[in-house]
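Reading through the structure tokens given below for one structure.
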Amino acid sequence: MPEDALLVGSVEKAFRVLHAVREGPGAMSLGEIAAASGLDKSAAQRFSHTLWRLGYLEKDARTRRFSLGRQALETAFHYLRTTPLVEVAMPVVAELRRSCGERVSMSLWEGASLIYVIRQQSRREYFWSSLVGRRVPLVSTAGGRAILATLPPEEAEALVRRAIPAALTPRTLTDPAAILEQVRRARAQGYALAVEEVSAGEVTLGAAITRADGRPVAALHIAGSLGEWKPEAFAASFAPLLVEAAQGLSRASQPGRWSSDGEANKSPEE
């Protein structure tokens, strides 16, 4: 039976509402939810009300606008606590943060994106850099390019050419050839370096974490300020520590322990 035949339409529509509110700029009216989800206003009202009663949405009693509910946050907590790699990596990330004094993060690979699941802060931070759950383009990040560098070259190239995002800063690379050159460099070095490609004023190192079969599942990142570091000096100071930590987590992998052949580790064509 085709997998699409197993989809439950009402569940899919409920998640369209939840995703619309998740991606919105703030609390949303029913009309805004309907427009963003592609549902008519009556369906948007039914699904929003159900999600509100279940705690996945909250409703302002005065404005009657909807925002994400605390059940969404609790679901994220249970995802993190039941993901073995997150538990294994937490002390490694904390020790790396103590050793380098800069922000250290871990992200999981999903298709054309990375999703941050651990953030250990440095002395200077901005709001989004302190939050887990942020999704960033695979090809624009040092960690993403380190992941691409562990893939077969033809698979990495196909993924890069399909997944070019909009520029996040004036220095975000959007030319596939330029990105693939950075991937080749990461393959040779064992780590990747990105300068101001996701956040202005930031230099970032990334190294891939792999399963026992060599397939990448995640990345470690160290981020610093260009006001304090030249990119070459940043890499010279911290790349060996980063690579050692990523390799240690990779060696700790047991077949089937961290991940299966599920969607989180597949590229978009799989």
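The values are calculated or read from the model by the stated rules, or taken from the named source; none is laboratory data. All values derive from a computational prediction rather than experimental measurement. As a convention, Cβ positions derive from the backbone with ideal geometry for all residues, glycine included, and neighbour counts pool all protein chains shown. For the accessible areas, the whole protein counts, side chains as well, though only heavy atoms, and no ligand, DNA or RNA atoms are used. Shrake-Rupley method; radii C 1.70, N 1.55, O 1.52, S 1.80 Å.
Averaging 1/r over every pair of different alpha carbons in the range 180-256 and inverting the result gives a Kirkwood radius of 13.1 Å. What Kirkwood hydrodynamic radius do you get for the range 9-70 when you take the inverse of the mean 1/r over all pairs of distinct Cα atoms, in Å? When all Cα pairs of the range 9-70 are included, the Kirkwood radius is 11.0 Å. Between the range 40-66 and the range 81-96, what's the alpha-carbon centroid distance in Å? The range 40-66 and the range 81-96 have Cα centres spaced 36 Å from each other.
When the chain is described by a simple charge dipole with +1 on each Lys and Arg Cβ and -1 on each Asp and Glu Cβ, the residue from Thr172, Ser250, Gly133 located farthest towards its positive end is Gly133. Taking every C-alpha pair closer than 8 Å and separated by at least 6 residues, the mean separation divided by the residue count of the chain gives a relative contact order of 15 percent.
Measuring only protein heavy atoms, the 1.4 Å probe finds Lys13 accessible over about 80 Å². A 1.4 Å probe, protein heavy atoms only, puts the accessible area of Trp52 near 90 Å². Using a probe of 1.4 Å on the protein chains alone, the accessible area found for Asp213 is around 110 Å². Per residue, the chain exposes an accessible area of 52 Å² to a 1.4 Å probe, with every protein chain left in place. Local charge for Val21 was computed over the other residues whose Cβ lies under 14 Å away, with Lys and Arg +1 and Asp and Glu -1, and equals +3. Distance between the pseudo-spin-label points of Ser67 and Leu80 (7 Å out from Cα toward the beta carbon): 2.0 nm. For the chain, the pair-distance distribution built from all alpha carbon pairs, in bins 10 Å wide starting at 0, is 7, 27, 30, 23, 11, 1 percent. Between Gly201, Gly144, Val88, whose Cα lies farthest towards the positive end of the dipole of the range 75-217 when Lys and Arg beta carbons carry +1 and Asp and Glu beta carbons carry -1, centred on the Cα centre? Farthest along the dipole direction, towards plus: Val88.
Shown here is the pair-distance distribution of the range 30-189: with all Cα-Cα distances grouped in 5 Å bins from zero up to the longest one, the shares run 1, 8, 12, 14, 14, 15, 14, 10, 7, 4, 1, 0 percent. Using a probe radius of 1.4 angstrom, the carbon and sulfur fraction of the accessible surface of the chain is 55%.
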